[in-house]
Amino acid sequence: MLMAHPTVLRNLVEQYEALRLLHAESGSAEARQRMDDVAYTLCVSTGTGDVDSALVAARHRLPGARPEDDSVLSA
């Protein structure tokens, strides 16, 4: 499976987090659609089926991540 470059993943994670805040504040349809689009791209880029798993997988691929620390996954 092809994996996205860490820079791309970081950008997607940052976009998703910003859009999640924007949607929480404004609740606009545009923000929700863009958030859904970024979530889908994150899922495809990480080979996962839901945005929460995609965020965890993306963060584990970022520079400075500690791949041996999977405590987030065991909860």
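Odds and ends about this structure:
- Leading residue at positive end of dipole, the range 10-61 (Cβ point charges), from G27, H60, N11: H60
- Maximal additional length on extending the E25-S53 stretch stands at 7.7 nm, based on 0.36 nm per residue less the C-alpha distance.
- More than 14 angstrom apart: percent of Cα pairs within the range 10-61: 45 percent
- Net charge dipole, the range 10-61: roughly 200 debye, given to the nearest 20, about the Cα centre with Cβ charges of +1 for Lys and Arg and -1 for Asp and Glu.
- Summing Lys and Arg as +1 and Asp and Glu as -1 over all other residues whose Cβ lies under 15 Å from the Cβ of H5 gives a net charge of +2.
Each reported figure results from applying straightforward, stated rules to the coordinates on display, with no laboratory input. Keep in mind that what you see is a predicted model, and the values were worked out from it rather than measured. Methodologically, a virtual Cβ is constructed for each residue, glycine included, from the backbone with ideal geometry; neighbour enumeration extends over all protein chains shown.
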